[in-house]
Amino acid sequence: MKKEDAYYLGKIVKKYGIKGELLAKIDTDEPEQYENLESIFLESQGKLVPFFLNNASLHKATTLRLDFEDVNNIEEADALIGKSIYLPLSSLPELTGNKFYFHEVLGFEAIDEKFGKIGKIEAINDQAPQAFFIIKDDQNHEILIPVSDQFITKVDREQKQIVFNTPEGLIDLYRQS
């Protein structure tokens, strides 16, 4: 599987017990959705490698306990600590309304209720405490808009558009530079 056909779920953080089970910290609002996984992909040397599971169960709020088919001892488990976990994009549940996955809206047209078309969504930076859309306008200037329900009026998947109601002065900041 190619990385662009998968999404990041989390990372293996430590061993659990002496039989090769591992704990994975997962990045999701609905961790119970990932109980009973049959397989996952682990990133190894830049490639996604499939691993089959005997069991996947919720350990704590955002931690999965993973029992791998071919990992039977502490030494084998040690080799997987720190590996990133991926799942196929096709396994994501479909979202509706103004809910969206970040990868889903890349390339969408950004429209402001006051200014009209402001550009295309090039990326979403979720490394900062507040995630934000990175939008490129027609002059290749960056416009940054926080990812916040209070600014998103509509997500139109058919037209590939997101309509924003941005705070007074936000778009003006970028139009003046």
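The values are calculated or read from the model by the stated rules, or taken from the named source; none is laboratory data. On a predicted model such as this, the values are computed, not experimentally measured, just so you know. As a convention, Cβ positions derive from the backbone with ideal geometry for all residues, glycine included, and neighbour counts pool all protein chains shown.
Note on the stretch 35-92: enclosed strands (runs of 3 or more DSSP E) holding 1 or more residues that are acidic (Asp, Glu) and more than 17 Å from residue 15 (Cα to Cα) are 39-44. Across the stretch 105-141, the qualifying residues are those that are in contact with a helix residue (DSSP H, G or I) (Cβ under 7 Å, 6 or more places away or on another chain) and not aliphatic (A, V, I, L, M), and the one among them that is nearest to residue 8 (Cα to Cα) is 126.
Among the conditions (1) within 20 Å of residue 6 (Cα to Cα); (2) among the charged types (D, E, K, R); (3) not assigned by TED's automatic domain parsing to the domain that holds residue 42, the only one that residue 83 does not satisfy is (3). Residue count for the stretch 156-174, restricted to those that are touching a residue at least 40 places away in the same chain (Cβ under 8 Å), loosely packed, with under 13 Cβ neighbours inside 10 Å and farther than 14 Å from residue 121 by Cβ: 1. Of all residues in the stretch 118-133, those being closer than 18 Å to residue 173 by Cβ, under 15 Å from the mean Cα position of the chain (by Cα) and not in a loop (DSSP other than H, G, I, E, B) number 3.
Residue by residue, here is whether (1) within 19 Å of the chain's Cα centre (by Cα); (2) among the charged types (D, E, K, R); (3) assigned to a strand (DSSP E or B) holds:
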{"site": "140", "(1), (2), (3)": "no, no, no"}
{"site": "148", "(1), (2), (3)": "yes, no, no"}
{"site": "155", "(1), (2), (3)": "yes, no, yes"}
{"site": "168", "(1), (2), (3)": "no, yes, no"}
